[in-house]
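Here, each number is a calculation from the coordinates, and none is a lab measurement. Bear in mind that the values here come from a model prediction, so they are computed numbers and not experimental data. We place every Cβ from the backbone using ideal geometry, glycine too, and count neighbours over all the protein chains shown.
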Amino acid sequence: MTGTLRVRRWSKLSAGFSGSFTAFVIALIFVPVLLSENATAKMTTLLILVLLAAMWNALAGYGGLVSIGQQGFIGLGAYGTVWLCNHGMNPYQAMVVATLFCGAISLPVSLLVLRFRGAQFAIGMWVLAEVAAILVSFDQSLGAGTGTSLIELNYYSPGARQEYTYWLTLGMAVFFLGVLFVLLRSRFGSSLQAIRDDEEAAASVGVRVVACKRILFVLAAAGCGGAGAMTLANTLFIEPTSIFGVNWTAYMVFMVLVGGLGTFEGPIIGAVVLFLIQNHYSSGGAWYLVGLGVASMLFALLLPRGLWGTVRDRFKIQLLPVGHQLSGVASTPIPAPAEEAS
Amino acid sequence: MSSLLSVQGLEARHGLLPAVRGVSFEVTDGETVALVGANGAGKTTLLRTIAGAHKSAAGQIRFDGDDITRVRAHDRLRRGIALVPEGRRLFPDLTVEENLLVAARPDRKGQWTLDTVLEAFPLLKPLRGRRAATLSGGEQQATAIGRALISNPRLLLLDEVSLGLAPIAVEAVYRSLTTLIEGGTTIVLVEQDLKRATSVASRVICMLEGRLVLEGGSELTREQITEAYFGLRKAPT
Amino acid sequence: MTWTNAVIQGVFLGGFYALLACGLSLMFGLMRIVNLAHGDIAVLGAYLITVVLDHWGVSPFIGFVAVLPIMLALGYLLQRVILERSLRSGVLVPLLTTFGLAIVIQNLLLEKFSPDVRSLGGDAGWITTASWQITNQVSIPAIGALALVVAIATLGGLQLYLSRTPSGRRMRATAQDPDTAELVGIDSRSVYAWGTAIAVGTAALAGMFLAMRSTFDPYAGSTQLIFAFEAVVIGGLGSLWGTLVGGIVLGVSQTIGAQIDPQYSVLAGDLVFLAVLASPRGGIFRARLAS
């Protein structure tokens, strides 16, 4: 056997990329200072999309759980913020607390839904989202069916409001993606890989399958809740049918399928793609959604690894050091058994 | 006599693992060929590839003069190749009668109909209305063979029909096989029991690790076959 | 409305839900696919019927007969072109593909037709408004009774088809073991395509009733899918008759909820669904096309 096999986490490329990526994220802090209010608002939208894509991918790509009901947490994050502000909390504090609340409430929910997979999980989540929407629409103090806005934000000047909103969104995106990154690099990440390959085999070697899924579920719930709270802050007005609407899932599915299901970088790329399309075709109306749906279908059928997944597999590169790589592979092939017999 | 089945350079894989490597052989009309080899030698994969249940990676299969390499399994059945799969694979919630009827092909006329199959396997007559999942091993095997016969095949492929059966049931199965052979049906059967295999077959093909290592008729000695079976002799060039 | 009447109305509503759900149940039993676009396909059927009505002014029943061949063909194509591929790619892909299809259908309908709600109740004539007064408190709506009767007939017809006909037998065999089905001469792709065609056809039939008994809009498909799925899960077993039971339980839950407060009707159905999911049986449906 020639050469020794070593398992590496970092490659020169991923070290270089990680360094520049970190620098880029730090640079993002200065966006409100350097760019106009309008541009800052757009960047906030982009960051919300990144967060949503990453969270949906955490569930579907890493956990194998296709959820059509994450909009439930988006809505709860938004309406939770309104409720907390109605009870006297500072709006930005309320956004953070609402995010945590979504994470907390997802724990009992997970006890029910994580017993299922496939379509039952998917539609079960959708029904729960609908239930949340119905319950919210009963509450007059939350504006019932006609919607509500966060009037407490009016205490800030528009410029300051946009700045704080942006920074909090950036903070949330960095936090949730950071947590996900750390989890994936840890033993948890290997467990997830095992679960993805063969759930029963993973369980038989001691991987705590449901516990792993629960961690992803709670993370995704909190992340989507945060995205909902920040959407409220960014767009100022929400109403139940749109904030609890299934179109959110359509966006998340598109971003993750196009970017790359089950990769870390993919959802970020998918979010950028959706953001660019949204800006270009904002007046497209229904055709725009038709396009998203068709694209999602085409990617699911023809290019299931997504743009980044395909590039990564083809060129064997990895920008962010999430996985493991084998180096020093043996160069002589192992001979066929028949020829070895004397 | 013409060659009914001709396999040339056939290769088949399970994912990336090769299971059948460059196998070539022919079966003439009316022959009975025994395909032997240890577990994992590739016999089941070879049969399934011939029947169309498994996709071939390379090579050619000719049946009755036509190239059927790209033909789908249900079409091969229509042309006259019937497989009795390993493990019987009956439709569990269909009755015995339904299992038989579902495989009947009105466009393939011949001696085998629902009634003649039940005559050939009288043990099934009282079980007509029973769900296949409730049958014993021997009863399932009889149904599975009947299901293959009812399409009046020209080539019958049998994969380990004695597996998991009580000796008395195996006796019964081989008795009916002998009748079939006497009737002129072309048969390729996979059998782990070398003695049984050589007792019914006019020719033996031995596989090892995906390759064909021995082929021959009555001129082969028991020792030669055993050696090839366990890989104790070199593969022929 | 008294409680008794609420229950009776619920049974008839349940008949509609059973009709809506039977295509979903059939596709799951045959291919293990939950077609997330099923509700939108029913709504598509409703809209196609409105097109026929707007052009030729016939009754919705005639409209359905005209639309049925188109829907059957669409179902067949849906399977051969899209779903067949997705079946080979693992369990996530059919969910994602049918979800994408649902979004496409919804928004195509939104583009083609206005977002306003429509109803064909007026065009159906006397049947939508007629009812038989049984007692002082109980009345039987004609359209509800018709939907229930049609649902039972459809489910019964499907059951007979599956258990008595050769092609139904082939469909059951393919549902139980598609690989072995191929080996005994069954063209599994064709069987799947016909199954999808039938499922889409029943969805169109449900769409007709949806159009006649209430209003619909391009985005109504999502709600219909949820109702259909709830009916299938509550019914539990996967046999087609289980879908009838599930539909009726869902319908009655909704009407009883409405009796408490009209706002609670959909919520009541959702809660019953969630309760079934949470129960030890867990709503796991071993759906086979049982004999």
Find the Cα radius of gyration of chain C, compare it with 2.2 N^0.38 Å by division, and give the number to two decimals.
0.98
Multiply the residue gap between A:ALA144 and A:VAL210 by 0.36 nm, knock off their C-alpha separation, and tell me the result in nm, one decimal place.
20.1 nm
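Can you sort A:LEU84, C:LEU26 from fewest to most other Cβ atoms within 10 Å of each residue's own Cβ?
Values: A:LEU84 21, C:LEU26 25.
Fewest-to-most Cβ neighbours within 10 Å comes out as A:LEU84, C:LEU26.
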10 Å Cβ neighbours from other chains, averaged over peptide A:111-124
5
Compute the relative contact order of chain C as a whole-number percentage, counting only Cα pairs closer than 8 Å that sit 6 or more residues apart in sequence.
38 percent
Expected-Rg normalisation [2.2 N^0.38 Å, Cα atoms] applied to segment B:3-230
0.97
Length gained when the stretch B:SER199-B:ALA57 is fully extended (0.36 nm per residue, less Cα-Cα span):
47.8 nm
Size descriptor, Kirkwood hydrodynamic radius, that averages inverse alpha-carbon separations across segment B:69-117, Å:
12.3 Å
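Starting from 0.36 nm per residue, how many nanometres of slack lie between A:ASN247 and A:LEU28 once their C-alpha separation is accounted for? Show your work: numbers first, answer last.
Values: separation 219, 0.36 × 219 = 78.84 nm, distance 2.82 nm.
Separation in residues times 0.36 nm, less the Cα-Cα distance, equals 76.0 nm.
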Quick check: pseudo-label points 7 Å beyond the Cα along Cα→Cβ at C:ALA153 and C:ILE62, how many nm apart are they?
1.9 nm
Segment B:121-237: spread of alpha-carbon positions along the three principal axes, whole Å, largest first, is 53, 27, 23
Output the relative contact order of segment B:3-230, whole-number percent, from Cα pairs under 8 angstrom with separation of 6+ residues.
28 percent
Please report Rg (one decimal) and Dmax (integer) in Å for the Cα set of chain A.
21.8, 89
With labels modelled as points extended 7 Å from the Cα through the Cβ direction, what inter-label distance (nm, one decimal) is found for B:ASP64 paired with C:SER190?
1.7 nm
Filtered hits (lysines, Cα-Cα < 25 Å from B:LYS195, offset >= 8 within chain) -> B:LYS43, B:LYS234
Give, rounded to the nearest 20 debye, the magnitude of the charge dipole that segment A:169-224 has about its Cα centre when Lys and Arg contribute +1 at Cβ and Asp and Glu contribute -1 at Cβ.
220 debye
In terms of the alpha carbon gyration tensor, root eigenvalues a ≥ b ≥ c, rounded if a/c is under 1.5 and otherwise prolate when a/b exceeds b/c or oblate, the protein assembly as shown is oblate
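Which whole-number percent is the relative contact order of chain A (Cα, under 8 Å, 6+ apart)?
Details: 489 pairs, mean separation 115.9, N = 342.
Relative contact order for chain A comes out at 34 percent.
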Cross-link partners of A:LYS42 among aspartates and glutamates (Cα-Cα below 18 Å; sequence separation of 8 or more within a chain)
A:GLU163
Just how far, in whole angstrom, is segment A:71-148 from segment A:227-250 if you go by their alpha carbon centroids?
11 Å
Once both label points are put 7 Å beyond Cα along the C-beta direction, the B:SER136-A:LEU135 separation in nm becomes 5.9 nm
Listing B:TRP112, A:TRP287 from the residue with the fewest other Cβ atoms within 10 Å to the one with the most, what is the order?
A:TRP287, B:TRP112
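Let me know the mean shielding of C:223-234 by other chains, meaning the per-residue number of their Cβ atoms within 10 Å of its Cβ.
2
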Less than 18 Å from a label point 7 Å out along the Cα-to-Cβ axis of B:LEU123: which backbone N atoms in segment B:160-197 qualify, by residue?
B:160-180
Calculate the mean, over all residues of peptide B:96-106, of how many other protein chain Cβ atoms lie within 10 angstrom of the residue's Cβ.
4
Would you work out which of A:SER242, A:GLY189, A:ILE105 lies farthest towards the positive end of the dipole of segment A:6-332? Charges go on Cβ: Lys and Arg +1, Asp and Glu -1.
A:GLY189
